[in-house]
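The values are calculated or read from the model by the stated rules, or taken from the named source; none is laboratory data. This is a predicted model, so every value here is computed, not measured. Because the Cβ atoms are built from the backbone with ideal geometry, glycine has one as well, and the counts that use them run over all protein chains shown.
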Amino acid sequence: MSGQHTKLPLHLQHAYRHALYRVHGGSDPGMDWLLQVGVHQPMLLAGYARHQVRCATYLTACNPHGQLLGAEDNARRMHQLREALKAGSWKFETGVGQDPQGQWPGEASVLVWGMDVPAARTWGEQWQQNAVLFCDVDATPALLWLR
């Protein structure tokens with residue numbers, strides 16, 4: 001994953017690499033933790049075991065191709081994404097992608113259990129995202145660049 005290339009400007013690449021990808025556990029009330037690019041997250045392993053999967057993908061439908069939308073438009077897109085995931089029988093947790101500098105508003109997101117790289121790429125492209133955060137069996141999140 002680290003060898004992937006992107007045509008995004010360096011400042012956007014930096015923003016994605018340093019974002020805080022927060023997870024809130026709807027199915028596990030004690031779950032509230034962060035995913036960070038390149039930082040091992042042991043809580044993923046517990047989720048993998050609970051859902052009998054070996055990977056997960058963190059994605060959003062907000063702000064397509066990095067174009068800032070209003071709160072209503074982003075909320076509508078996230079509702080549509082969650083409904084599409086449910087229709088596909090995907091299990092997921094809610095979350096919020098955050099800019100640690102506070103220069104970009106938080107983006108509602110989901111952590112989808114068992115979503116592998118091909119599916120992550122398809123879903124991310126469908127929702128017009130620049131990247132998604134893929135978590136492999138090693139529980140160390142990495143960016144999957146889509147543009």
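Among the residues of region 45-65, which ones are under 13 Å from Asn130 (Cβ atoms) and more than 14 Å from the chain's Cα centre (by Cα)?
Just the residues of region 45-65 that are under 13 Å from Asn130 (Cβ atoms), to begin with: 59-65.
Within region 45-65, His65 is the sole residue that qualifies.
In region 80-100 there is no residue matching the filter, namely being among the hydroxyl-bearing types (Ser, Thr, Tyr), modelled with pLDDT of 95 or more and under 13 Å from Ala19 (Cα atoms).
Would it be correct to say that Val132 is surrounded by fewer than 16 Cβ atoms within 10 Å (Cβ to Cβ) and under 15 Å from Val23 (Cβ atoms)? So that I can check it myself, show each step before the final result.
Numbers: surrounded by fewer than 16 Cβ atoms within 10 Å (Cβ to Cβ): no; under 15 Å from Val23 (Cβ atoms): yes.
Spelling it out, it is not the case that Val132 is surrounded by fewer than 16 Cβ atoms within 10 Å (Cβ to Cβ) and under 15 Å from Val23 (Cβ atoms).
Scanning region 105-129 for residues that are surrounded by fewer than 19 Cβ atoms within 10 Å (Cβ to Cβ) and under 9 Å from the mean Cα position of the chain (by Cα) yields no hits at all.
The condition (being part of a loop (DSSP other than H, G, I, E, B), within 20 Å of Thr6 (Cα to Cα) and touching a helix residue (DSSP H, G or I) at 6+ places or on another chain (Cβ under 8 Å)) is satisfied by just one residue among Ala139, Ala61: Ala61.
Of the residues making up region 63-83, those that are among the charged types (D, E, K, R) and either loosely packed, with under 11 Cβ neighbours inside 10 Å or in contact with a strand residue (DSSP E or B) (Cβ under 7 Å, 6 or more places away or on another chain) (or both) number 3. Restricting attention to region 84-104, the residues that are free of Cβ contacts under 8 Å to residues at least 24 places away in the same chain and buried (at least 18 other Cβ atoms within 10 Å of the Cβ) add up to 1.
Please tell me if Leu35 is at pLDDT 95 or above, more than 17 Å from Val132 (Cα to Cα) and either touching a Leu at 6+ places or on another chain (Cβ under 7 Å) or assigned to a loop (DSSP other than H, G, I, E, B) (or both). The answer is no for Leu35.
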